[in-house]
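Structure first, commentary second.
FYI, it's all coordinate maths here, none of it is from the lab. Note that the structure is predicted; figures quoted are calculated from it, not measured. We place every Cβ from the backbone using ideal geometry, glycine too, and count neighbours over all the protein chains shown.
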Amino acid sequence: MKKIKSVLVANRGEIAVRVIRACQALGITAIAVVSEADRESLSAKMADRVLCIGPAQATKSYLDIPTLVAAALGAGADAIHPGYGFLAERPDFAEACAKHGLIFIGPQALHIRQMGDKLLAREMVAALHVPVIPGSCLVRDLQEAAKFGEKTGYPLLLKAAAGGGGRGMKILQGPEELKCLFNEASAEAGAAFGDDRYISSVMYPMRDISKCRFWGIATGTSSICSNAIVLCKDVTRRFWKKPLRQS
């Protein structure tokens, strides 16, 4: 693999800031891409170079693969760092980078395709007899979501098949919330990830989640946690005295 001297950061906000800082700490030129709305952002001010790639709408800027690849090639970047969210879980982005001789800083396209799509990932781990929580396959429309709710009961969790970070995730407490939240979540996922496919799963009582959360914070040993819980775990490990953690 060739030595990386410059990286195009294909993300925005604090994610881009963190990648830019890491690049600069390693002596690597950081190239930021920004939408028209982000020209004065912190990432734009910190980067060694800044390229405007389109309007504020993410599907026409941060989610536009041909534009990002062209920007990287035009800037002479050696690699692209996708951050997380946006295109980080899109195998076609990793493939486009490889096709044009750019290093994709992330998993191989095959692995992204297997695990980045929650529908495919669910099917794959189930085939390996790994336990999965009760849930649906692809929910194509409101009617399919309603049928799943009637079959399993509520509350249900609607989750975008692509992307992450909680975008497009909605909790349905009952069938009366389905129409409004399904359409809202679908539109949000389409705007954020360019993919409005959905899956649904059964939510367990909050007391079970609370136990898991408390255990993760108290012991400092939990690893299967949300970002927030991981942050709490890290804080407690640093600032709670050992006798208190053990108690």
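Go through 60/118; 3/45; 147/179 and tell me which ones have a Cα-Cα distance over 22 Å in this structure.
60/118; 3/45
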**Study point:** Reachable aspartates and glutamates from residue 151, criterion Cα separation under 13 angstrom, eight or more residues apart if same chain
**Key:** none
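At a 10 Å Cβ-Cβ cut-off, how would you order 141, 38, fewest neighbours first? Don't skip to the end; give the middle numbers.
Values: 141 10, 38 21.
So the ranking, lowest neighbour count to highest, is 141, 38.
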Review point. Taking other Cβ within 10 Å of each residue's Cβ, how do 129, 81, 111 sort, fewest first?
Key: 129, 111, 81
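Order of 102-108, 20-26 by packing, highest average Cβ count within 10 Å first? Each step should come with its number before you reach the end.
On the way: 102-108: 18.3, 20-26: 15.1.
Taking the mean over residues of other Cβ atoms within 10 Å, the ranking is 102-108, 20-26.
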